[in-house]
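Heads up, the thing below is written out as structure tokens.
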Amino acid sequence: MSLLLQHIRKAYRQPEGDLLPVLGIEHFELARGEQAVLLGSSGGGKTTLLNTISGILVPDSGRVIVDGRDIVSMPEVVRDRYRASRIGIVFQTFNLLPAFTALENVLLGMTFSGRAVDHDFAKELLQRVGLGHRLHHRPSRLSVGEQQRVAVARSLANRPVLLLADEPTANIDPANQDLILKLIRETCRDHKVSLLMVTHSMDAAQQFDRIERLHEFNQPELCQTGAVR
Ligand SMILES: Nc1ncnc2c1ncn2[C@@H]1O[C@H](COP(=O)(O)OP(=O)(O)OP(=O)(O)O)[C@@H](O)[C@H]1O
Ligand SMILES: [Mg+2]
């Protein structure tokens with residue numbers, strides 16, 4: 001899977017009515033199987049960028065080309081299906097379903113992708129994030145760091161070709177941080193998954209060969225008024 005961003009503009013309409021320019025990216029590329037970390041400060045647009053790449057957010061203009069296909073111009077239903085089947089996402093806020101156990105949350109990641117449910121693989125993923133003993137706990141009965149680890153396990157459940165990880169170790173102690181980053185990196189390496197991780201932690205970023213600083217290629221001032229949806 002390759003990723004190419006071209007001429008991306010994204011501004012938010014503020015509650016007061018004016019515009020907040022967040023993304024102005026002329027060009028960004030991620031090769032198949034490449035692993036990159038994007039460093040950026042809080043409020044710098046990292047989550048907005050990942051949501052734009054996954055198609056959760058539609059940019060005001062520009063193209064997000066995944067494997068030669070522009071996902072911005074896809075009909076919403078096609079884009080949603082594409083995301084569910086091809087992209088793994090570790091959400092900054094986890095987005096686990098509260099009524100379901102850790103195991104069920106991971107299984108749902110498979111179901112949404114249209115894959116056959118594979119209990120053994122779901123359990124294996126949870127074991128690999130160190131939660132083999134918490135399979136049947138609901139999110140409210142897990143610590144925050146444990147919830148984050150379930151979110152990491154779920155992001156890999158659909159065997160994605162592109163993994164987008166939003167601060168995936170923000171709530172995790174150093175030992176488990178290393179375990180999670182190792183799992184993410186090795187899974188991506190073994191299955192040629194392209195990885196884009198965003199973080200403000202230099203400590204987490206240092207484990208990766210390619211480190212980009214968002215402010216160096218993001219120029220929100222390129223956003224022009226009038227083009228906001
Ligand atoms: N839905 C929205 N409507 C208006 N403004 C928004 C919206 N979502 C985000 N913003 C603003 O856009 C900016 C970028 O937000 P974003 O969540 O992308 O930052 P971030 O780099 O992920 O920050 P953090 O490291 O704190 O997670 C912030 O200043 C935020 O206030
Ligand atoms: Mg964020």
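The values are calculated or read from the model by the stated rules, or taken from the named source; none is laboratory data. This is a predicted model, so every value here is computed, not measured. As a convention, Cβ positions derive from the backbone with ideal geometry for all residues, glycine included, and neighbour counts pool all protein chains shown. The area values use the complete protein model at the heavy-atom level, side chains included, leaving out ligands, DNA and RNA. Shrake-Rupley method; radii C 1.70, N 1.55, O 1.52, S 1.80 Å.
What the table shows:
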| read-out | value |
| --- | --- |
| Whole-Hz couplings from phi, Karplus 6.51/-1.76/1.60, listed for segment 41-54; x for Gly and Pro | 7, 4, x, x, x, 5, 5, 4, 5, 4, 5, 6, 5, 7 |
| Per-q log10 I(q)/I(0), segment 3-222, q = 0.11 Å⁻¹ (Debye; single scatterer per alpha-carbon; no solvent) | -0.52 |
| Estimated dipole of segment 3-222 in Debye, rounded to 20 [Cβ of Lys and Arg +1, of Asp and Glu -1, Cα centre] | 640 debye |
| Relative contact order of the chain, defined on C-alpha pairs under 8 angstrom at six or more residues apart (%) | 32 percent |
| Backbone HN-Hα couplings from phi across segment 60-67 [Karplus 6.51/-1.76/1.60, Hz, Gly and Pro as x] | 5, 7, x, 10, 10, 9, 10, 6 |
| Nearest 10 degrees, 0 to 90: helix 144-155 Cα axis against the chain principal axis | 80 degrees |
| Partner lysines for residue 46 [C-alpha distance under 23 Å; skip if fewer than 8 residues away on the same chain] | 10, 182 |
| Surface share of carbon and sulfur [accessible, 1.4 angstrom probe, percent] for the chain | 49 percent |
| Sequence-distant residues sharing a close amide H with residue 35 (under 5 Å, placed H) | 195 |
| From phi via Karplus (6.51, -1.76, 1.60), per-residue ³J(HN,Hα) for segment 134-142 in Hz, x at Gly/Pro | 10, 4, 9, 8, 7, x, 5, 9, 10 |
| Eligible aspartates and glutamates near residue 123 by straight Cα distance, threshold 14 Å, same-chain separation 8 or greater | 104 |
| Placed amide H near residue 28: partners under 5 Å, 5+ positions off or other chain | 5 |
| Principal-axis tilt of helix 174-190 within the chain, Cα atoms, nearest 10 degrees | 80 degrees |
